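Report on the structure given below.
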Amino acid sequence: MAISIQSSADVMTAAELAERLGVTEQTVYALARRDKLPAILRLGRNVFFPRQRTMQALAEGWQPPKLPEEGRSLTGKEKAQALDAQDAERAKSRAKAK
């Protein structure tokens, strides 16, 4: 599916997405690196998130991986485990839908 960007209002920054999801910008970038976000637009070294597709995915129930208790950051290994667990859960959901 092609992404059409007409103005800066059509995209969200990592900071905007982080605020909407209730996570840190670092978590947004980590998710983007692993292609775990519903829509990612890379322009050189900059990463943006198409607003319409991202908001549609959120409306359809997409959630970021679960985070540890407040005040503690995930280690790299914990982030990877959380993302892998989310992948496994999605695979189960897809298998049940079939």
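Each value in this text was obtained by applying a stated rule to the coordinates, not by laboratory testing. Just so it is clear, the model here is predicted, and its values are computed rather than measured. Note: ideal-geometry Cβ built from the backbone for every residue, glycine included; neighbour counts use all protein chains shown.
Assorted remarks:
- Looking only at residues in segment 52-61 that are surrounded by fewer than 17 Cβ atoms within 10 Å (Cβ to Cβ) and polar (S, T, N, Q), the one that is nearest to E16 (Cα to Cα) is Q52.
- Complete set of residues in segment 35-51 that are more than 8 Å from the chain's Cα centre (by Cα) and either surrounded by fewer than 14 Cβ atoms within 10 Å (Cβ to Cβ) or assigned to a strand (DSSP E or B) (or both): L41, R42, L43, G44, R45, N46, V47, F48, F49, P50
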